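Have a look at the structure below, then the notes.
The values are calculated or read from the model by the stated rules, or taken from the named source; none is laboratory data. As the structure is a prediction and not an experimental result, all values here were calculated from the model. Don't worry about glycine lacking a Cβ; one is built from the backbone with ideal geometry, like all the others, and counts go over all protein chains shown. Only protein heavy atoms, including side chains, enter the accessible area calculation; ligands, DNA and RNA are left aside. Shrake-Rupley method; radii C 1.70, N 1.55, O 1.52, S 1.80 Å.
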Amino acid sequence: MASTVSERPGYGQLLRTPGAWTFLLPGFAARQPFAMLTIGIVLLVQHTTGSYGSAGAVAAFTGVSMALFAPQTGKLADRLGQRAVLLPGVLVHAASVSLLVTLALADAPLWALFAAAVPTGASVPQIGPMVRARWAAMLGAAPGREASPLLATAAAFESVTDEFTFVIGPVIATALCTGVHPAAGLIAEAALTLVGGLLFAARHATQPPVRDRALPGAERHASALSIPGVRVLAVAFLGIGSVFGGMQVSLTAFAEEIGNPGSNGVLYGIFAAGNMLAGIACGAIAWKSGPRRRLLVGYTALALTASGLWAVHSAPLLAGLGLLVGLCIAPALISGYTLVEALVPGSARTEAFTWLTGAVALGQAAAVTVAGRLADGHGASAGFLVPLVGTVLALATLLTLRSRLLPAGVGRTVARGIGHRGPVTVD
């Protein structure tokens, strides 16, 4: 239960929240593989087929599958509880990754790799959204209780945690694939998912309560995507996914072009480090502007910095610009996740978070496919056009539909079966 905050919210105070560490540590271990999956697939399939286009396509099948199934996983977690969804999910994922590795090493036809990629993506455990839902349940508004000021700090902390995984995950996966065996990155991903997911599922005491729909006054369930603001945020997160996917494939191709494949993990790590540093700063600042305004400003900066990637041809300059791009991603991500608290009630919040996570995966899937084809045909510079196009289109959507990011008024129904009560400052 959130308490009255007498001092300026900060990470130290957040981490002293009773029960937080019981799900944070296993949650970190369980989400680590998420940053290893796409790059692990790209490196393995490129090794066995010799084509970045084929590698990107297999990774795209995984991303699309995750994007389609993640919201259903979130909906089931809201209805049945996180533990009930996680236990079978991590087992299926470990088995699916093992099948994909076996087929790739056996030089199976591309269609077989696509078939194995579908359950691999569909079974990716949605640990990040589940952790965010636990924070929202502990710190968010409830009958007779105002939302804690620490809620925005929690959103920033989760972005930092996500990006820390993207700092070390690709580096670990690349090191394993290039220094041990091309399949080692995916094997490690499956093992970490299984162990971390089981440990996180065991911490069921902190999971959000499952509402009994049979009780009088229980909220009827409707898809979180029926809320207009969630749809706008999903488009914004698609653009962010295009940055992640375009950077992963294009940096890999760039490292090959300069004759130093191992630098791929370092370059991507610098990009992700910028994201993490910006996330730390966002959580430490006492913002006077609301999350909607921060989202619009941050996304504009992201589109501007991403637009220059294609023109850079030296590793130091690319590392520097990649750092700037990373610095612009965290404010957009944090603001988007913070807006979910204002737009979506607790009965659909895990699902809403998974729609956004799925949108990132879908954007990443499309980006790795297009960037892979462009890199094969025209070099790494062409692949960097993908983040430019993705962020510019998403920014245009955000600016056009920004009014939909305002929550409904007190007592107003924002979607069929979903209501929101109480004023929330978002601008």
Once His378 and Leu317 are pulled to full extension, the length gained, defined as 0.36 nm per residue separation minus their Cα-Cα distance, is 19.9 nm
What nm value, rounded to one decimal, do you get for the distance between Leu87 and Thr102 when each label is placed 7 Å out toward the C-beta?
2.5 nm
Simple label model, 7 Å out from Cα along Cβ direction - Ala112 to His181, nm
1.8 nm
Gyration tensor (alpha-carbon) shape descriptor, segment 28-67, a/c threshold 1.5:
oblate
Over the Cα atoms of segment 225-371, what radius of gyration and what Dmax do you get, in Å?
16.0, 52
Residues of the chain: accessible area per residue at 1.4 Å, in Å²?
38 Å²
What is the sum of charges around Thr300, taking Lys and Arg as +1, Asp and Glu as -1, for the other residues whose C-beta is under 12 Å from the C-beta of Thr300?
+3
Quantify, in whole percent, the carbon and sulfur part of the accessible surface of segment 5-129 (1.4 Å probe; protein heavy atoms only).
69 percent
Taking the Cβ-Cβ separation of Ala205 and Tyr11 as r and a Förster radius of 25 Å, what is the calculated FRET efficiency to the nearest 0.05?
0.60
For Cα extents along the principal axes in Å, several values are listed as [x] 61, 42, 38; [y] 65, 53, 37; [z] 67, 48, 45; flag the one computed from this structure.
[x]
